[in-house]
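Accompanying notes for the structure given below.
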Amino acid sequence: MRLKNFRSVIVGQQATLRDAITRIDSSGLQLAVVLHEDGRLAGLISDGDIRRAILRSCDMTTPVAEVMNRNPITAHASTAPNELLMLMRRKVLHHIPLLDDSQCVVDLVTLDALTGMIERPNWVVLMAGGLGTRLLPLTENCPKPMLRVGGKPILENILESFVEQGFHQFYLSVNYLAESIQEYFGDGHRHGANIRYLHENKRLGTAGALSLLPERPEYPLIVMNGDLLTRLRFDQMLKFHEEHSAMATMAVREYDFQVPYGVVNIDGTSITSIDEKPVHRFFVNAGIYTLAPETLNHIPDDTFFDMPTLFERLRADNQATSAYPLREYWLDVGRREELERAQSEWEQQGRRQ
């Protein structure tokens, strides 16, 4: 990318996490470049750095200088493209700042720019077999993932988001009204995808359906509920998963709950403090997962088995599991009011990307 676009991701050292997120989201590059006042490189702050800061409970006013990578890998502006490509592949990098003799940033090289759009070999499994009972009567003759948002089925919106990011190998786990899903998507050719189907003859749960895969994948796979709408960058979740050497990664969302009363803390019969309408913050399961191929060894055949149980089993076996904070748009279309909200928001969210 050239300098005029690169300037859109520059922030100063006193910028906040909120400022960095705004730059990252508007540029689509998944990082911001932090400069000293004289133009010298101070550091980089990536999408992953921000998510790790969120897990550490940093708020949006935290200065980027407290979160950024102060020693990123760089290259001189005169470095040949083939040398840059070899360096990026060797170090597993997606971006390299180019510096002049004064250590000032003059450009930013991206892996996509050097190689073209990457086609990702990872399989994507979409869980599309739910009954959608909370959306009756809309789901009486239509499976929930086929309800329309933005003029097309929810599942088609999900599929298109993956294809746009370079994913093409899909499995759809189907059960309720499976034939309507298969008739609509077929083999996926018209969507630029290769679609195969996992037929649940009985309810197997969000992890149990993976036991129907005909073979073990070679690369980490992404599993996602088929009733979610999100602007998540799935490649960034894969990168996070690999950086943390995790066996399984769960996307999580921050959920705030305010107690509507003054909470009285006591020690025996003595009042120690009173918290007026405190806010409690939790991370909740967002229904999107990245799994190493070896996780399939922990899933029983032909048995109801859900994802939380899989994560508990992995933890009991001392396998690494990680949480990926999802800060992008996300909506679980489980009830009528959420469907109506999605129908009014989804296309507008897309225009902001």
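The values are calculated or read from the model by the stated rules, or taken from the named source; none is laboratory data. These figures come from a predicted structure and were not determined experimentally. Here the Cβ positions follow ideal geometry from the backbone for every residue, glycine too, while neighbour counts run over all protein chains shown.
Annotations for the structure displayed:
- Residue check, Asp302 under 24 Å from Gly130 (Cα atoms) and either over 18 Å from the mean Cα position of the chain (by Cα) or exposed (fewer than 13 other Cβ atoms within 10 Å of the Cβ) (or both): yes
- Pair list, Cβ under 9 Å, 6 or more apart: the range 329-340 residue among the charged types (D, E, K, R), other residue in a loop (DSSP other than H, G, I, E, B): Asp332/Asp227; Arg336/Leu138
- Filter pass, Ile24 being β-branched (Val, Ile, Thr) and touching a residue at least 40 places away in the same chain (Cβ under 8 Å): no
- Flag if Tyr171 is buried (at least 17 other Cβ atoms within 10 Å of the Cβ), of a type in the set (Ser, Thr, Tyr), assigned to a loop (DSSP other than H, G, I, E, B) and touching a residue at least 40 places away in the same chain (Cβ under 8 Å): no
- Among the residues here, Asn157 qualifies as assigned by TED's automatic domain parsing to the domain that holds Glu337 and either over 30 Å from His191 (Cβ atoms) or in contact with a helix residue (DSSP H, G or I) (Cβ under 8 Å, 6 or more places away or on another chain) (or both).
- Single residue of the range 162-178 satisfying the filter (modelled with pLDDT under 90 and not hydrophobic (A, V, I, L, M, F, W, C)) that is farthest from Glu337 (Cα to Cα): Gly166
- Taken together, the residues in the range 211-230 that are farther than 13 Å from Val124 by Cβ and part of a loop (DSSP other than H, G, I, E, B) amount to 5.
- Extreme residue, modelled with the lowest pLDDT, among residues of the range 189-210 that are in contact with a His (Cβ under 8 Å, 6 or more places away or on another chain) and outside any strand (DSSP E or B): Gly192
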